[in-house]
1. Give, in nm to one decimal, the length gained when the segment between Ser99 and Glu183 is fully stretched (0.36 nm per residue of separation minus the Cα-Cα distance).
2. So which of Lys96/Lys128; Lys55/Lys171; Lys55/Lys218 end up more than 22 Å apart by C-alpha?
3. Using the beta-carbon distance between Ala202 and Asp241 and R0 = 30 Å, what value does 1/(1 + (r/R0)^6) give for FRET efficiency, to the nearest 0.05?
4. I need the phi-derived Karplus couplings for the range 176-187: 6.51 cos²θ - 1.76 cosθ + 1.60, θ = phi - 60°, integer Hz, Gly and Pro marked x.
5. What is the extension gain from Gln214 to Thr39, computed as 0.36 nm multiplied by their sequence separation minus the C-alpha to C-alpha distance, in nm to one decimal?
6. Can you work out ³J(HN,Hα) from phi for every residue in the range 158-173, in order, using Karplus 6.51 cos²θ - 1.76 cosθ + 1.60 and θ = phi - 60°, giving whole Hz and x for Gly and Pro?
7. If the chain between Thr77 and Glu194 were fully stretched, how many nm would it gain, using 0.36 nm times the residue separation less the Cα-Cα distance?
8. Once phi is turned into θ = phi - 60°, what whole-Hz ³J(HN,Hα) does the Karplus curve with 6.51, -1.76 and 1.60 give for every residue of the range 104-109, x standing for Gly and Pro?
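Every read-out reported here was derived from the displayed coordinates using simple, explicitly stated rules and does not represent laboratory data. Please read all numbers here as calculations on a predicted model, not as lab measurements. Cβ atoms come from the backbone with ideal geometry, glycine included; neighbour counts cover every protein chain shown.
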Amino acid sequence: MSTSRRDFIKILATLPLASSSFASDGHSEKNGDLASNGTSYSVLMDSTLCVGCRKCEWACNDKNHLPNKDISTFEDTSVFAFRRRPEVDKFTVVNKIQSLKEQQTIKIQCMHCLHPACASACIVGALKKQECGAVTYDADKCIGCRYCMVACPFQIPAYEYKNVLTPKVQKCSFCVDKLEKGEKPACVEMCPNEAMTFGTRAELIEVANSRMHQHPEKYFHHIYGEYEAGGTSWLYLSQIDLRGSEFPQLSSDPIPKLTETIQHGIFKNFVPPLALFTLLGVAMHSLKDKDRD
Ligand code: SF4
Ligand code: SF4
Ligand code: SF4
């Protein structure tokens, strides 16, 4: 990265509220409206059914042409000694639930939030909530500011720091190409124990409530993602409270709305967001081109 670009990012980093407000001129509100009616696709991950085989990790690598190994190597459970995070070459990981003594596992990937903070923070609209439910990333629009990484409450977007020429943000795409055809994501298809159920969000919330009602001894009575951060497309059931353990404790307020409320106040008597957005967008695009030269 050139010095000028690094300096520019540093300056931008001092304006966190300002930078994310630029995105609020349209696309984040649209993002928030999509998928909130329950008809977009979702996945219910029931961690009580997950056997920790990690075949979903293999399937994701295979589907996304990520570095992969023979499927038998995924039987290695030594990885459960650490809490892993998705990375540039791993869009999903299966972790042991650390607060439990027995081995119980849970799959982690982008939550495909209904009101994605990553999309709200992105000043060029490179991240977008699609009607099918996926939050997608457009590398051609991305200027590498990495505000999405700062904004995501689940620490999901990963950045290709080692890719000097054309670094991209990487994350689970919800297998959007399959989703748009009404097909299950590759990881869901692969799961041998049906720990993940695919359907519309409204249907899956019913399924989750029914499971908790029928087996109260088996589940902690909470669907993680039903309301957190305004709701997510990936929903979780577990035998423990995932809030503050495997996932952050979040209010039901969509994160973009919270930040935008503050930002709009700040900008009311200040520089118009659209003018700053245009100026910074042009400047960062030119810096990106310079980096690639
Ligand atoms: S494939 Fe299914 S059972 Fe196996 S680790 Fe993944 S979610 Fe768990
Ligand atoms: S989990 Fe993070 S990266 Fe995924 S949609 Fe939500 S804010 Fe964006
Ligand atoms: S939905 Fe697709 S991209 Fe996301 S974790 Fe599953 S296989 Fe990987």
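1. 26.8 nm
2. On the way: Lys96/Lys128 31 Å; Lys55/Lys171 18 Å; Lys55/Lys218 24 Å.
Beyond 22 Å: Lys96/Lys128; Lys55/Lys218.
3. On the way: r = 24 Å, r/R0 = 0.79.
Computed FRET efficiency for Ala202 and Asp241: 0.80.
4. 4, 5, 6, 4, 5, 9, x, 9, 5, x, 4, 5
5. Details: separation 175, 0.36 × 175 = 63.00 nm, distance 2.48 nm.
Gain on extension, Gln214 to Thr39, equals 60.5 nm.
6. 10, 10, 7, 4, 7, 8, 5, 7, 10, x, 10, 7, 10, 6, 4, 9
7. Values: separation 117, 0.36 × 117 = 42.12 nm, distance 1.97 nm.
Residue separation times 0.36 nm, minus the Cα-Cα distance, leaves 40.1 nm.
8. Using θ = phi - 60°, the values come out as 10, 10, 8, 9, 10, 6 Hz.
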